[in-house]
Amino acid sequence: YIIIRNLKFNNFKKIMFDKNWEKNIYSKSKQKNVYPFDWVVSSTNKYIKNYKSKKVIEFGSGTGNNLIVFKNLGFKKIEGIDGSTTASKIALKKFRYTKNISIKNEDFTKINLKKDCYDLIVDRGSLTHNSINNIDRIISMAYSSLKQGGYIFSSMFSKHHSSFSKSKFFFKKETSSSGLITSFLNHKELKRIFRKFIIVSLVHETKIDMKSKRKICWWYLIAKKGKR
């Protein structure tokens, strides 16, 4: 499994795309997801209607496995953005004949999206691999770029995860191969980050490897832009 390390937030605030994703993951043919995540599929089917009029963007779209869902459902406009050159090339090749899908090989911590542009923003375990400061900025930008009534789907690591240690915080430099920059969040932190949104659903999932006793814990959040 991929080793993840917690970030010491107060020592280094302007973390950009973690180059270990390209250097140690995608370029070495690791974690090239082929199939869509079931949570993305079920959430889209449950909360999004009238697909043919909708515009969606995925942060950390990787090789485009989740973009297939939006293509098959008939979304009007589909965008994917990822910092990995290798992953973006795979996605570009996959959708080279699909005119309404655009893939951008960019660092989404540095982009600025148009206001009131998207009906759906998807983050399937991507934002959590940033500093808290960057997560705050990106979520604020996401709120601005969503249309009224638009949704954001976001999954982030929980502090109950075995890889999180309350007694040890440290910053992993980009040149290190020991792990990936990761922020682990508790319920209070998650609610603060998404305070502008109406939280529609918030699930805490824990999976336990009975052999190693390792806990893998995620937050699955669905939030909506709208009047309270």
Net lengthening on full extension, Lys188/Ser144 (0.36 nm per residue, minus Cα-Cα): 13.6 nm
Two-site label geometry, Glu106 and Lys89: point separation in nm, points 7 Å out along Cα→Cβ: 2.1 nm
Prolate/oblate/rounded label for the range 78-228 (Cα gyration tensor, a/c 1.5): oblate
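I'd like to know how the range 184-227 sits against the 2.2 N^0.38 Å rule of thumb: what's its Cα Rg over that expected value?
1.46
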For the range 35-53 versus the range 83-116, the gap between their alpha-carbon centres in whole angstrom: 19 Å
Of all accessible heavy-atom area on the range 77-146, the percent that carbon and sulfur account for (1.4 Å): 48 percent
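Can you sort Asp107, Asp123 by solvent-accessible area, 1.4 Å probe, largest first? Provide the component values of the computation, followed by the final result.
Details: Asp107 30, Asp123 0 Å².
Correct descending sequence by accessible area is Asp107, Asp123.
The values are calculated or read from the model by the stated rules, or taken from the named source; none is laboratory data. Just so it is clear, the model here is predicted, and its values are computed rather than measured. Positions of Cβ are generated from backbone atoms using ideal geometry, with glycine treated the same way; all protein chains shown enter the neighbour counts. With ligands, DNA and RNA removed, areas are computed over all heavy atoms of the protein, side chains included. Shrake-Rupley method; radii C 1.70, N 1.55, O 1.52, S 1.80 Å.
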